[in-house]
1. Give the number of residues within segment 138-157 that are within 27 Å of Pro54 (Cα to Cα) and open to solvent by less than 50 Å² (accessible area, probe 1.4 Å).
2. Kindly evaluate Ala134 against the criterion of being assigned to a helix (DSSP H, G or I), open to solvent by less than 40 Å² (accessible area, probe 1.4 Å) and out of contact with any helix residue (DSSP H, G or I) (no Cβ under 8 Å at 6 or more places or on another chain).
3. Which numbered condition trips up Leu234, out of (1) part of a helix (DSSP H, G or I); (2) open to solvent by less than 50 Å² (accessible area, probe 1.4 Å); (3) modelled with pLDDT of 95 or more?
4. Can you find even one residue in segment 96-105 that is modelled with pLDDT of 95 or more, surrounded by 15 or more Cβ atoms within 10 Å (Cβ to Cβ) and under 27 Å from Asp249 (Cβ atoms)?
5. Right, Arg165: modelled with pLDDT of 95 or more and either in contact with a Ser or Thr (Cβ under 8 Å, 6 or more places away or on another chain) or surrounded by fewer than 24 Cβ atoms within 10 Å (Cβ to Cβ) (or both) or not?
6. Find the strands (runs of 3 or more DSSP E) located wholly in segment 20-83 whose residues include 2 or more that are open to solvent by 10 Å² or more (accessible area, probe 1.4 Å) and in contact with a Gly (Cβ under 9 Å, 6 or more places away or on another chain), and list them.
7. Taking segment 103-148, which residues are on the phi > 0 side of the Ramachandran plot and in contact with a Phe, Trp or Tyr (Cβ under 9 Å, 6 or more places away or on another chain)?
8. Tally time: how many residues in segment 212-230 are closer than 20 Å to Leu45 by Cβ, in a loop (DSSP other than H, G, I, E, B) and open to solvent by less than 50 Å² (accessible area, probe 1.4 Å)?
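The values are calculated or read from the model by the stated rules, or taken from the named source; none is laboratory data. The shown structure was predicted, so the numbers you read here are calculated from the model rather than taken from an experiment. Glycine gets a Cβ as well: all are built from the backbone with ideal geometry, and neighbour counts include every protein chain shown. Note: areas computed on protein heavy atoms with side chains; ligands, DNA, RNA excluded. Shrake-Rupley method; radii C 1.70, N 1.55, O 1.52, S 1.80 Å.
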Amino acid sequence: GARALTELFGKAPAVPARQPLPRAQGRLAVEGVTYVPAGGDAPLLRGVSFALQPGEVLGVIGPSGAGKSTLAHLLVGAWRPQRGSIRLDGAPLERWDDDELGRQLGFLPQYPSLFSGTCAENIARMAERPDHEAVVAAAQLAGAHETILRLPRGYETPLGPQGIRLSGGEQQRVALARALYGDPALVVLDEPDAHADAAGAQLLQRAILELKRRGRTVVLVTHNPVHLRVVDLLLFLRGGEVAAFGPRDEVQAR
């Protein structure tokens, strides 16, 4: 058994060394991306192309099943396309070291879950030594700081399966703070207001405008037309393909 494994690993192609890359500016280029899920035969995305510059906010819209969440997962490197490429600052995502790429990206999935750990550890992405200043800055930007201060032990309150139960809106705010921790260059938000009330929707828009002011690139998947007032560009997906892409007002007019 051990010999067979040794031979097998001996035949495996060497993983190319990844060059350390400078901190990302947030230029995003998506070129001819096609994605077929494992075990599936029909692509969820087909030939998707668009580009964003630092400081631009893209709204991704379209009917249910259009491929919006699939695109969000691909943009943060969680899934890999079978064809085409996704580049951050000119470098394909697979060229980035995983830890380094993780620091450049912020992702709020549609159904965020919190881990067993303190509120601060959750925001700091379970880092061994959370940067407390960065934790508080991310929570303030996400509109979660005051909510956290009301918890029994503030930032040291245990969360996750073994911790206290947060409401859907509170959980989403903490998860948004986690996405914003460390001031990433590219922030991808997938239906970030699924549990938000009117105040939560306002906090979200305020956070997006601040990211834009800082020159960060934001991709916002949304069904909520209210949020389109803070986007610069719109990508309309239908059946896994780009039905329209361009300045918000032009796409909305069409």
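1. The total comes to 7.
2. yes
3. (1)
4. Looking for residues that are modelled with pLDDT of 95 or more, surrounded by 15 or more Cβ atoms within 10 Å (Cβ to Cβ) and under 27 Å from Asp249 (Cβ atoms), one finds none in segment 96-105, hence no.
5. Taking the combined requirement at face value, the residue does not satisfy it.
6. Result: 28-35, 45-52.
7. Arg125, Met126
8. The total comes to 1.
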